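Peer 1: Here you go, one structure.
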Amino acid sequence: MVSAPSGRIVLHDGRLVLYRRDRSPFVYYDIKLPGQPRIRKSTEKTTMKEGTVVGEERYQEAVVKTRFNIPLRDLSVREIARRWIADINDDPDMSERRLKDIQQVLDTAILPYFGGMPITGITDKAMADYRKWRKKANAERSEYMVYELDGQVVTKRRPAAQLKPVKDTTINRQLEALRGLFKWARIAGLMERHQVPEINTVNTDENTVAWFSLDEYKTLRRVAWRRALRAKQFDERYSRRLQHLFIVIAISSGLRITEAARLTWGDIEPQRSRVLIWARGKGKRRQVVPMPWIKVYLERLRILTEITTGVKVRSEDKVFPVTAESIGRAFGKVVREADLETNPEGEKRVPGSLRHSAISWLILYREFDPYRVAMWAGTTTKMIEEHYGRKLQPQMLLRKKQDRVKPVIAMTAQQVIADRLRRGEPIELKYD
């Protein structure tokens, strides 16, 4: 340790310097490691002794970060976004449309507010303030747009939709991109889990996903099959049969549309009387135990694919060799022909309605508790209670005795044990 004049302390051969500033009661530290940017911050301590302890801790943290190639300074949200986009651009499961949507959300809604902030400096208060800022962003826009086109300045009235207040549903969708950004930064080691702020979405009626009753589902299947029989072209017949099988498989497994689009034949694990599915989509990889009859339809899909392509399917081949966008477009054609585009309340039906229906049937017809349904669907009990159970229409209860659903729900061995422990029932412990 070298004590310099005017209250400066030099440590570690000059790589750590503690000093005071005029008009400030605190002690500051200055860290300069070889090949790294200089870091100057306050220790928030008033005595040199306490400041030295804090300075030493920050110096050791900087040494460890340098050893593991972790940036000493917190990167800005804009820099993190640039790295994230570059990484997901190489993801084979990422469609061009999805990538374009994420980039647009970042450029228009996220980076204008958070771009200059350090990734670890976004607090819960900043998230709450962001929603307020976003809701009034359009109101502060000019009524006219001025831009240059072919060397001439053009003045044009802005579309009325761009001047309306931003809806909560739009903000919720944009926050999903921000949530993905934080997740990537955490996995990349650029921030800790406790540094991720809480991202709350507003529950709105527009978020409601319309589901199918059992009678409506039978109509949907019937129409999808008839469309396949009417097809004259070979490719058209294959795509329509694929859509019919997708409807049955999706509603029998509760898969999300992204999970179905990414599903490969290697993710399907055959069992004696059923199959297990390893789904990859929202969040981490999860095990799905679908209804037993799905095994028949998966076998039909495998035979259909092999006949169409002329080769046997491989483990890395996709079960549904189409994108999530293609699934959505084909599904829209089926529901339009079946006159099931919306439910009686005017809520639009989308491919996610199949998953919503599977979960709703377990609650409505089988009366399973939210905990058990959440385990089967790979979601939280809060989501089941708020987004599914609460949305069931009271008039649908009148059809409960008319419709029938098979009293089957599959659970893994781990889920059975967890369910028994939650209910206080004894379990058998095995030791190796």
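Peer 1: How much net charge surrounds residue 16 when only other residues with a Cβ under 14 Å from its Cβ are counted (Lys, Arg +1; Asp, Glu -1)?
Peer 2: Once positives and negatives cancel, what remains is +2.
Peer 1: Students often check this: by mean Cβ neighbours within 10 Å, which of 35-48, 102-115 ranks highest, and how do the rest follow?
Peer 2: Ranking, from highest mean packing down: 102-115, 35-48.
Peer 1: A further question on this structure: Compute the distance in nm between two label points, each set 7 Å from the Cα along the Cα-to-Cβ direction, one at residue 339 and one at residue 32.
Peer 2: Rounded to a tenth, the inter-label distance reads 8.0 nm.
Peer 1: For the cross-link pairs 132/183; 218/333; 295/318; 167/348; 318/348, which exceed 20 Å when the distance is taken from alpha carbon to alpha carbon?
Peer 2: 132/183; 318/348
Peer 1: Still on this structure: Calculate the FRET efficiency for residue 293 and residue 187 from the Cβ-Cβ distance with a Förster distance of 56 Å, rounded to the nearest 0.05.
Peer 2: The value I calculate is 0.90.
Peer 1: Could you calculate the contour length gain from residue 12 to residue 44, that is, 0.36 nm times the residue separation minus the distance between their Cα atoms, to one decimal place in nm?
Peer 2: Gain in length upon complete extension: 9.4 nm.
Peer 1: Please compute the net charge surrounding residue 185, taking Lys and Arg as +1 and Asp and Glu as -1 over other residues with Cβ under 13 Å from its Cβ.
Peer 2: +3
Peer 1: Could you sort 322-331, 193-202 so that the peptide with the highest average Cβ count within 10 Å comes first and the rest follow in order?
Peer 2: Descending packing order for the listed peptides: 322-331, 193-202.
Peer 1: If I model a spin label at residue 88 and residue 235 as a point 7 Å from the Cα along the Cα→Cβ vector, what separation in nanometres do I get?
Peer 2: Modelled inter-label distance: 3.0 nm.
Peer 1: Net charge within 12 Å of residue 287 by Cβ-Cβ distance, Lys/Arg positive one each and Asp/Glu negative one each, not counting residue 287 itself?
Peer 2: Once positives and negatives cancel, what remains is +1.
Peer 1: So if we plug the beta-carbon distance of residue 382 and residue 123 into 1/(1 + (r/R0)^6) with R0 = 25 Å, what FRET efficiency do we get, rounded to 0.05?
Peer 2: It comes out at approximately 0.60.
Peer 1: Can you tell me which of 172-180, 257-265 comes out highest on packing, and rank the rest after it, using the mean Cβ neighbours within 10 Å?
Peer 2: Ranking the peptides 172-180, 257-265 by packing returns 257-265, 172-180.
Peer 1: Per the Kirkwood formula on distinct C-alpha pairs, the Rh of region 3-107 is how many angstrom?
Peer 2: Every distinct Cα pair counted, the radius reaches 16.5 Å.
Bear in mind that the values in this text are calculations on the coordinates, not laboratory data. All values derive from a computational prediction rather than experimental measurement. No Cβ is skipped: glycine too gets one built from the backbone with ideal geometry, and neighbour counts run over all protein chains shown.
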